[in-house]
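A.B. asks: Below is the structure I would like to discuss, written out as structure tokens.
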Amino acid sequence: MIFGLIVIVAIIGGALFAHFIVNDPGYVVINFAGYLVEMSVPVLVLLIVLALGAWWLVVRLLRVPRKLGEAAGELKRRRQTKQFTRGLIAAAEGRFAKGERLLTRGAAKAETPMLNYLAAARVAQQQGATERRDNWLTLAYEQTPGAGNAVLLTQAELQLANGQHEQALATLARVREDVPNHPQAVTLLARTHAALNDWAALGELLPLLRKQGRIDSTTLADWSCRAALATLAGAEGEQAALQRAWQSIDKSLHDDTSLLTAYADRLSESGAADKAANLLKKALGRRWDPILVTHYGELTDVDAAAQLKVVEGWLKDRGDDAALLYAAGRICIRDELWGKARSYLESAIAIAATPAMYQAYGELLTALGEAEPAAIAFRRGLGLAAGRSTLQLPAPADDLDADAPGS
């Protein structure tokens, strides 16, 4: 459009110029360095036009090599891009050997050789060729020194995916030497510690992981609990050390069932069973949990009478809670209240039998001298533990008594 306007203006201007030239062609004299040049205006205009045309032609000719180089470079880039794309397609279709070959052919002369080598490293790993994978990664690192961390992170990701956890740790350590809180490095490091079940080391990363927000909340919660369990497990057996470990755990986790039971166990082992009982009782006051109830009933070295009083108080509102009935039965066994223990355990089994309930019931029957019914209880408990059907047998109160001697 602009070119068209220029042509129109040139035509109009030329017509006007020709009109005036016909009437008076004009006269030009140029005196320069002792030389006198005389000519008409049309000749001068023609000379100027010719000079400009010659200048334009020279400039265009001088640009030809550069234009040819650019065209050749563009052709080369298109060819390399096409080859790179073909390599990715071949790898995606499962033709890994061909894909790797296409990705690396002439990669050193590619505009972005790092991308070719990184893609080739991934394809090599898919073929189980870890030595070739590392070779391509080394070339990527050498070709693009400024992107060293990107290459190292890719290497760590591939090592982690390949189960090379120790190597991944070493690779990530190199990245963190340069950028200590690099988000991707921290994320991969956390996943590596999780794969190694090194929850104590992962626990040290949790504040940074929460801040960076790159791990989903479910995974982060699971890791937090596991790290907290590792903290409790690593605490010394003294009560003061256990309490310090418990206080060091994020308070939002203090109501987690697995942590509560682990802490109660450690307290009980350290001779603080009463503290463990109070811990579980308070937790159950906040929220009802069958696992915590079961654990409360399994505590030893606690005043059984006081413990039973608490449980029977709960039974007034939760008389059909199998876990609570089981806990009551366990406490009654410890307090040698055989009749109550039998009643509670039979009720619990009738509602929702578990291997632990049958185990406790079998032990009770053994203590009462009822060997054959005890054996039946043990067998049923084993059947449940192994996932086998109990064949819809009658409730324990009926069939076990019927099998007893003298019935």
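The values are calculated or read from the model by the stated rules, or taken from the named source; none is laboratory data. Nothing here was measured: the structure is a model prediction, and the numbers come from that model. Cβ: placed from backbone, ideal geometry, glycine included. Neighbour counts: every protein chain shown. Heads up: the accessible areas ignore ligands, DNA and RNA and are worked out on the full protein's heavy atoms, side chains in. Shrake-Rupley method; radii C 1.70, N 1.55, O 1.52, S 1.80 Å.
A.B. asks: Test of the criteria: in the range 88-151, which GluC sites (Glu not before Pro) are in a DSSP loop and have at most 10 other Cβ atoms within 10 angstrom of their Cβ?
C.D. replies: Qualifying residues, ordered by number: Glu93.
A.B. asks: While we're on this one: How far is it, in nm, from the label point at Glu111 to the one at Ala233 when both lie 7 Å from their Cα along the line to the Cβ?
C.D. replies: Simple spin-label model gives 5.3 nm for this pair.
A.B. asks: Return the FRET efficiency for the residue pair Thr138, Leu62: r is the Cβ-Cβ distance, R0 is 51 Å, and the value is rounded to the nearest 0.05.
C.D. replies: The pair Thr138/Leu62 has a calculated efficiency of 0.75.
A.B. asks: Would you check the accessible area of His165, probe 1.4 Å, heavy atoms only, in square angstrom rounded to 10?
C.D. replies: Number for this one is 40 Å².
A.B. asks: Excluding ligands and nucleic acids, what accessible area in Å² is computed for Ile333 using a 1.4 Å probe, to the nearest 10?
C.D. replies: 50 Å²
A.B. asks: Okay, next question. For Lys98, go through the aspartates and glutamates and keep the ones whose alpha-carbon is under 19 Å away, minus same-chain ones fewer than eight residues off.
C.D. replies: Counting by Cα, and skipping residues close in sequence, Lys98 has these aspartates and glutamates nearby: Glu131, Asp134.
A.B. asks: Could you work out what % of the accessible surface of the range 225-280 is carbon and sulfur, using a 1.4 angstrom probe and leaving DNA, RNA and ligands out of the count?
C.D. replies: Working: 1210 of 2600 Å².
Heavy-atom surface of the range 225-280 belonging to carbon and sulfur, 1.4 Å probe: 47 percent.
A.B. asks: Per residue, how large is the accessible surface of the range 234-308? Use a 1.4 angstrom probe and give square angstrom.
C.D. replies: 48 Å²
A.B. asks: In whole percent, what relative contact order does the range 166-212 give with Cα contacts below 8 Å and a gap of six or more residues?
C.D. replies: Answer for the range 166-212 is 33 percent.
A.B. asks: Please report the relative contact order for the range 131-192, taking Cα pairs under 8 Å with a sequence separation of at least 6, and give it as a percent rounded to a whole number.
C.D. replies: That works out to 27 percent.
A.B. asks: Is the C-alpha gyration tensor of the range 127-215 telling us rounded, prolate or oblate? Criteria: a/c under 1.5 is rounded; beyond that, a/b larger than b/c is prolate, otherwise oblate.
C.D. replies: oblate
A.B. asks: Let me ask another. Loop-only trypsin sites (Lys or Arg not before Pro) in the range 231-338, please: DSSP not H, G, I, E or B, and at most 11 other Cβ atoms within 10 Å. It would help to have the intermediate numbers written out before the result.
C.D. replies: On the way: sites: Arg244, Lys251, Arg266, Lys275, Lys281, Lys282, Arg286, Arg287, Lys309, Lys316, Arg318, Arg330, Arg334; in loops: Arg287, Lys316, Arg318.
For trypsin sites (Lys or Arg not before Pro) across the range 231-338 that sit outside H, G, I, E and B with at most 11 neighbouring Cβ atoms in 10 Å, the list reads Arg287, Lys316.
A.B. asks: How high is the relative contact order of the range 237-319, given as a whole-number percent (alpha carbon pairs under 8 Å, six or more residues apart)?
C.D. replies: Computed over the range 237-319, the figure is 25 percent.
A.B. asks: Let me ask something else. Past the 19 Å Cα-Cα mark, which pairs from Lys282/Lys340; Lys275/Lys316; Lys275/Lys340; Lys275/Lys309; Lys82/Lys109?
C.D. replies: Working: Lys282/Lys340 25 Å; Lys275/Lys316 25 Å; Lys275/Lys340 26 Å; Lys275/Lys309 17 Å; Lys82/Lys109 14 Å.
Violating the 19 Å limit, Cα to Cα: Lys282/Lys340; Lys275/Lys316; Lys275/Lys340.
A.B. asks: Next up: Which percent of the accessible area of the range 86-175 is formed by carbon and sulfur heavy atoms (probe 1.4 angstrom)?
C.D. replies: 52 percent
A.B. asks: Then there is this: With a cut-off of at most 15 other beta carbons within 10 Å, and DSSP calling the residue loop, which trypsin sites (Lys or Arg not before Pro) in the range 186-219 qualify? Please list them. Don't skip to the answer; put the middle values down first.
C.D. replies: On the way: sites: Arg191, Arg210, Lys211, Arg214; in loops: Arg214.
Passing sites in the range 186-219 are Arg214.
A.B. asks: Taking a spot 7 Å from the Cα of Asp274 along the direction of its beta carbon, which residues of the range 294-316 have an amide N less than 17 Å from it?
C.D. replies: 299-310
A.B. asks: Let me ask something additional. Classify the range 246-320 from the C-alpha gyration tensor, please: rounded if a/c falls under 1.5, else prolate or oblate depending on whether a/b exceeds b/c.
C.D. replies: It is oblate, given that a/c is not under 1.5 and a/b is not larger than b/c.
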